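What follows is a short report on a single structure.
The values are calculated or read from the model by the stated rules, or taken from the named source; none is laboratory data. Just so it is clear, the model here is predicted, and its values are computed rather than measured. In this analysis, Cβ positions are derived from the backbone assuming ideal geometry, glycine residues included, and neighbour counts consider all displayed protein chains.
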Amino acid sequence: MFTGIVEATGTLTEIVRQGADLTVTIHSISLDFTDVKLGDSIASNGVCLTVTQLSANSFCADVSSETLANTLFGHYQRGQVINLEKAMLPTTRLGGHIVSGHVDGVTEVVRIESAGRSWHIWLALPNALAHYIATKGSVTIDGVSLTVNEVNKDALRLTIVPHTATQTTISRLKVGTKVHLEVDVIARYLERLLHKDTDKANGGVSMALLSQRGFL
């Protein structure tokens, strides 16, 4: 699990085709690798990747056909700059929100507006994910935890402060740029519970019960 608070950026330095899969190498001089071990997870543009090889300033990971089908990794080229976050520890400050590193979809930037020293970025709202996204809720964009400030039937608006822009790849976004989108994991589980029959198997979860307990 991750927090969506990006620790560093890295560069995709090698892409090796392995049949239907890829092996990638990501290099970063700003990520602390001293506590990383083989088998650890690193969120790379919001995609949870497992470390298969490790050096002082880089790591390798396998990208499965499933990941290629649901993310932008199959379109990335050498030199792609990527947001990086190591998996959270029990002692980690949860400065963002709970992020699984399992991308729900791909969307694109449709508008960018200046707002003082910040920027409003509008992203197309995928129909299949729209019901998970709420104003003042959280989403993850390329691994960055962000607050949704406005939602309409076609798009969602995020406000990017200068610190986020300088510490992540968000400053590189332009109209038409495609990004990874992960919705709030809690919204996904609530939907699953609400669409099950109300019986002993799910503990009798219903809209009325959730409202009674203060979840709605």
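The table below gives the values:
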read-out	value
Residue selected from segment 22-54 under the condition part of a strand (DSSP E or B), in contact with a strand residue (DSSP E or B) (Cβ under 6 Å, 6 or more places away or on another chain) and not β-branched (V, I, T), by the criterion nearest to V179 (Cα to Cα)	S44
The lone exception for L12 - which of (1) surrounded by fewer than 19 Cβ atoms within 10 Å (Cβ to Cβ); (2) assigned to a strand (DSSP E or B); (3) outside the structural domain of G137 (by TED's automatic domain parsing) it fails	(1)
Residue count, segment 158-181 (criterion: in contact with a strand residue (DSSP E or B) (Cβ under 6 Å, 6 or more places away or on another chain) and part of a helix (DSSP H, G or I))	2
Meets criteria (surrounded by 19 or more Cβ atoms within 10 Å (Cβ to Cβ) and among the hydrophobic types (A, V, I, L, M, F, W, C)) for L31	yes
Members of segment 84-143 that are closer than 30 Å to L38 by Cα and among the charged types (D, E, K, R)	E85, K86, R93, D104, D142
Residue within segment 183-194 that is surrounded by 18 or more Cβ atoms within 10 Å (Cβ to Cβ), assigned to a loop (DSSP other than H, G, I, E, B), charged (D, E, K, R) and modelled with pLDDT under 95 present	yes
Number of positions in segment 68-96 that are over 19 Å from T168 (Cβ atoms) and touching a Cys at 6+ places or on another chain (Cβ under 9 Å)	0
Flag for A134 being within 20 Å of L72 (Cα to Cα), modelled with pLDDT under 95 and hydrophobic (A, V, I, L, M, F, W, C)	no
